[in-house]
Amino acid sequence: MTKTVRDIITGRAVVSVRPTDSVREAARAMYDQDVGAVLVMEDGRLRGIFTERDALRFFAATRRNPYIIDVGVVMTHDPVTVDADSPADLARDLMLTHGFRHLPVVEGGEVVGVVSLRGVSSDLP
């Protein structure tokens, strides 16, 4: 039986922040929840994703204050998504092709989770 993205994300909470939350708040949410990315949501809609890579680039490459810069300024806007019922290997291929490690998962237009390259790779042969 082919594993789906839903099989991998089941039981995992969606960690999100608002575009107007600070970079520091987003980084803190990732730290507190032990995740590598947070979804940026507004009015129930996915606006972007903020990842460890975004945080590293922000902190290492700028002198901006993470306490006052909105995460909406530095997030990845309109991220690629994958359907929850998609095969897990499709999610892996999307991440490898596009060069990212976290992929928002949707079902019927609603965000239901995030799948990571590590999570997908560990569940596939």
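Assorted remarks:
- Each residue in 116, 22, 121 was given a count of other beta-carbon atoms within 10 angstrom of its own, and listing them fewest first yields 121, 22, 116.
- Crossing angle, helix 88-98 versus the chain [Cα axis fit, 0-90 degrees, rounded to tens]: 40 degrees
- Take the Cα radius of gyration of the chain and divide it by 2.2 N^0.38 Å, N being the number of residues; the result is 1.04.
- Beta bridges by DSSP in region 55-125, antiparallel share as percent, to the nearest 5: 75 percent
- Approximate shape of region 21-61 as ellipsoid semi-axes (Cα gyration tensor, √5λ), whole Å, largest first: 17, 12, 9
- Distances between placed amide hydrogens fall under 5 Å for residue 86 paired with 5, 6, all partners being 5 or more residues away or on another chain.
- Sparsely packed loop sites in region 1-91 (the trypsin sites (Lys or Arg not before Pro) outside DSSP H, G, I, E and B with at most 11 other Cβ atoms within 10 Å) comprise 63.
- The chymotrypsin sites (Phe, Trp or Tyr not before Pro) of region 54-125 meeting both criteria, a DSSP state outside H, G, I, E and B (loop) and at most 16 other C-beta atoms within 10 angstrom of the site's C-beta, are 67.
- Karplus-based coupling profile of region 100-112, in residue order and whole Hz: 10, 10, 9, 9, x, 10, 10, 9, x, x, 9, 6, 10, with θ = phi - 60° in 6.51 cos²θ - 1.76 cosθ + 1.60 and x standing for Gly or Pro.
All of the numbers you see were taken from the coordinates with simple rules; none came from a lab. Since this is a predicted model, take the numbers as computed values, not measurements. Please note: Cβ atoms are built from the backbone with ideal geometry, for glycine as well, and neighbour counts cover all protein chains shown.
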